[in-house]
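Beneath this line is the structure, given in structure tokens, with notes to follow.
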Amino acid sequence: MTDIFGTAGVRGSVDYVSPSLVLRLGRAVGSMAVDEGRGVVVGRDGRHTGGALVSAFVAGAESVGCETTVLGVVPTHVVAWTARERGAYGATVTASHNPSEDNGVKLFREDGGEFDADDEKEVSERVEEADTVSWDSWAESGVSDAHEVVDGYLDAVSGYFDGTDLGLRVAVDCANGVGARTTVPALRHAGCDVVTVNAQTDPTFPGRGSKPTPETLVGFVEFVGDGGFDLGFAHDGDADRLVVVDGDGVVSEDAVLAVLAGRHVRESGNSTVLTTPNVSPRVDEAVRAEGGEIERVALGTVSEKARGRKVAFAAEPWKHIFPEFGGWVDGTVTAVEVAGAYAEDTDVFDGLRDVDVTKKSVGCEDGKKTAVIGDVEEKLRETYPDASFDTADGVRVDTVEEGWFLVRASGTEPLVRVYVEGDDALVEKLVSLVEEVVKNTEGR
């Protein structure tokens, strides 16, 4: 079996992310861990299918002699942190911001960073090849108390923000996911008065969709504005993603990224910020203003590219990595960081919050994506001969007259994504171009 990984692990409907597939993933990852003398820690979000899929993963890992520890229902960043603390591999069963009927698996190295492309290639090769050990060599799984694991993580967060006393009133919308387990107590420990929304874990996400978007957050935006809160924070299902809301509405992801990136360049002494091609040049400006520089890498590879390097900050929109704390995306640390920046300067988003990146999607079969992106690049180079091109992930074009845009293949769905910071006419032109290319590519 090949190409089982998307942009962020394995994800999809449970017809695809089935117990049989997850059992084989457990065997593959478990065999890799055994070869390095490691165990695997396994957690999950609150989805209906999570318990059975954790059991399948653990069964696969144990069958190759790998010791596993089940952490229970915890945010994804707690699994990554625990993997680092125990020198183990980590696996979390989650579909992140996908609908409730989906599920998936994210994998972490012993340093807490995500599996990179080489790791995923090895997993794909071992999915069919990992051998079951003799009956008397099967390992046994242990169970860690989820509260103890979360408490350990929260102690580490408190140490990272030692002495912080923010004095803000904030609201946290947890999407009926698992974010309330860490973000709420972390903010309270940092001196915030916290009011929760959709804090009870429910696998059907009854409060709103798991993905926090301006459309799904309309009620929360009103709640924050009417309730006199300084800030609001909205998670996805596994709490790695965080959307920021203030009295004027949703703060654009680029504004949040720019503030955090500039802050860490200023405070860390490191100058490099890793980010992705779908990020506005406003972020570059904020980083340069603090004496730093931007390096863009493909979506889903930020953790991989930050490993072993001295970088100030690493992020893609709504998903932030704080290298001084750990090499994983961490929505809880993001919440406290943003609250800290706002407490220091309530106008911190001024001049940035008007960044408006339009996102559109065009249906495209997975097998056609490479050809489509190649044909789109060819047409764009003909149309914009004087523009700057970046092909780290899809085709990013920076023009003088029309702004910037990006066309890339989705790593998780049969779609081509179009990102535009420009007027509606440019959006329509690009979407039409991609639709035409997809149509003409069919049947090749």
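Read-outs: derived from the displayed coordinates by stated rules, not from any lab. Being a predicted model, the structure only gives us computed values, none of them experimental. A quick note on method: Cβ atoms are made from the backbone with ideal geometry, for glycine too, and the neighbour counts reach across all protein chains shown.
Residues whose amide H falls under 5 Å from that of VAL197, counting only those 5 or more places apart or on a different chain, are VAL172, ASP173, CYS174, with hydrogens built in the peptide plane.
Counting neighbouring beta carbons within 10 Å and listing from fewest to most, the residues THR183, THR272 come out as THR272, THR183. Charge dipole (Cα centre; +1 on Lys/Arg Cβ, -1 on Asp/Glu Cβ; no other charges) of the stretch 358-441 amounts to roughly 320 debye. Can you flag which of LYS121/LYS211; LYS305/LYS379; LYS106/LYS360; LYS310/LYS360 are past 32 Å Cα-Cα? LYS310/LYS360, as the Cα separations exceed 32 Å there.
Over the chain, dividing the summed -39,500 (n - 2.57) contributions of all DSSP H runs of at least 4 residues by the number of residues returns a 222 nm mean residue ellipticity of -11500 deg cm²/dmol.
Applying both filters, DSSP loop and at most 13 other Cβ atoms within 10 Å, to the GluC sites (Glu not before Pro) of the stretch 312-363 gives GLU324. In a DSSP loop and with at most 12 other Cβ atoms within 10 Å, the GluC sites (Glu not before Pro) in the stretch 350-405 are GLU365, GLU401. Each principal axis of the Cα atoms in the stretch 152-344 has its own extent, and those three values, largest first, are 40, 35, 30 angstrom.
State to the nearest 20 debye the size of the charge dipole of the stretch 10-144 about its Cα centre, where the only charges are +1 on K and R beta carbons and -1 on D and E beta carbons. Walk me through the numbers before you get to the answer.
On the way: 12 positive and 23 negative charges, 97 e Å.
The calculation lands at about 460 debye.
Label positions at ALA117 and TYR160, each projected 7 Å from the Cα along the C-beta direction, are separated by 2.8 nm. Summarising the label geometry, the points placed 7 Å from Cα in the beta-carbon direction at ASP347 and GLU290 lie 1.9 nm from one another. Applied to the stretch 201-217, the Karplus parametrisation 6.51 cos²θ - 1.76 cosθ + 1.60 on θ = phi - 60° returns per-residue 3J(HN,Hα) values of 5, 9, x, 8, 6, x, x, 6, x, 5, 8, x, 10, x, 6, 7, 9 Hz, with x for Gly and Pro. Sparsely packed loop sites in the stretch 70-162 (the GluC sites (Glu not before Pro) outside DSSP H, G, I, E and B with at most 11 other Cβ atoms within 10 Å) comprise GLU128, GLU129, GLU140. Cβ crowding within 10 Å, taken as a proxy for footprinting-reagent exposure, orders ARG266, ARG181 from fewest neighbours to most as ARG266, ARG181.
With R₀ set to 41 Å, the beta-carbon distance separating HIS189 from ASP398 gives a calculated FRET efficiency near 0.45. Figure legend: label point modelled 7 angstrom from the Cα of GLU365 along Cα→Cβ; residues of the stretch 388-415 with amide N under 16 Å from it are 414-415.
In order along the stretch 27-43, the Karplus-derived 3J(HN,Hα) couplings, from 6.51 cos²θ - 1.76 cosθ + 1.60 at θ = phi - 60°, round to 5, 5, 5, x, 5, 4, 5, 4, 4, 9, x, 10, x, 10, 9, 10, x Hz, and Gly and Pro are given as x.
What is the diffusion coefficient of the chain in µm²/s, taking the Kirkwood radius over Cα pairs and the Stokes-Einstein relation at 25 °C with a viscosity of 0.890 mPa s?
Working: Rh = 22.4 Å.
In µm²/s, the coefficient rounds to 110.
Look at the dipole of the chain built from charges on Cβ: of THR412, GLY72, ALA392, the Cα furthest out on the positive end belongs to GLY72.
Candidates GLY232, VAL221, ALA255 compared by Cα position along the dipole of the stretch 219-287: farthest toward the positive end lies ALA255, with charges placed on Cβ. The phi torsions of the stretch 406-411, fed into the Karplus equation with coefficients 6.51, -1.76 and 1.60 and a -60° offset, translate into couplings of 9, 10, 9, 7, 5, x Hz, rounded to whole numbers, with Gly and Pro shown as x.
Compactness ratio for the stretch 347-440: Cα radius of gyration over 2.2 N^0.38 Å (N = residue count) comes to 1.11.
Rounding to the nearest 20 debye, state how big the charge dipole of the chain is about its Cα centre with +1 on each Lys and Arg Cβ and -1 on each Asp and Glu Cβ.
Details: 41 positive and 81 negative charges, 127 e Å.
Dipole about the Cα centre, nearest 20: 600 debye.
Could you list ASP193, ASP173 so that the one with the fewest beta carbons within 10 Å of its beta carbon is first and the one with the most is last? Walk me through the numbers before you get to the answer.
Working: ASP193 14, ASP173 29.
Fewest to most other Cβ atoms nearby, the residues stand as ASP193, ASP173.
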